[in-house]
Amino acid sequence: MTIQELGTILENHISIKIILLNNNFLGMVRQWQQLFFKKRYSFTKLKNPNFLKLAEAYNIKYKKVYKRNELQHSIKNIFYKNNEPFFLEILVSKEDNVFPMIPSGSSVDDIRLT
């Protein structure tokens, strides 16, 4: 939501790994509009910044994954072969959803897994 955390990483030399699942939408809001409002999308498409340039500005290594077959190698690389901060942006389909979720007004007994 904010980029101040990138400054904290730089200032304190924190070896944290950031993974951004990027569908160029406000993902959770878009998901609710898809599942509960018949795909009537409203104000959820995002115009994102260039995350490579942001990472570079904070001296954080960066990689963008475009294809699923690149994913496993990229994750192994940042976690097992790299002891520095790393920003991994993974492009995902617009309608890839995140589960589990609990619909509004429901209880944990009504959890949705798909």
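How many of the residues in segment 9-29 are in a helix (DSSP H, G or I), at pLDDT 90 or above and surrounded by 12 or more Cβ atoms within 10 Å (Cβ to Cβ)? Total meeting the criteria: 2.
Scanning segment 66-114 for residues that are under 17 Å from the mean Cα position of the chain (by Cα), acidic (Asp, Glu) and not in a loop (DSSP other than H, G, I, E, B) turns up Glu70, Glu89.
Restricting Ile60, Ile18 to those that are in contact with a Pro (Cβ under 7 Å, 6 or more places away or on another chain) and not basic (Lys, Arg) reduces the list to Ile60. Selection over segment 36-53 of residues that are touching a strand residue (DSSP E or B) at 6+ places or on another chain (Cβ under 8 Å) and not hydroxyl-bearing (Ser, Thr, Tyr) gives a count of 5.
The values are calculated or read from the model by the stated rules, or taken from the named source; none is laboratory data. Source: prediction; values computed, not measured. All Cβ positions, even for glycine, are placed from backbone atoms using ideal geometry, and neighbour counts span all protein chains on display.
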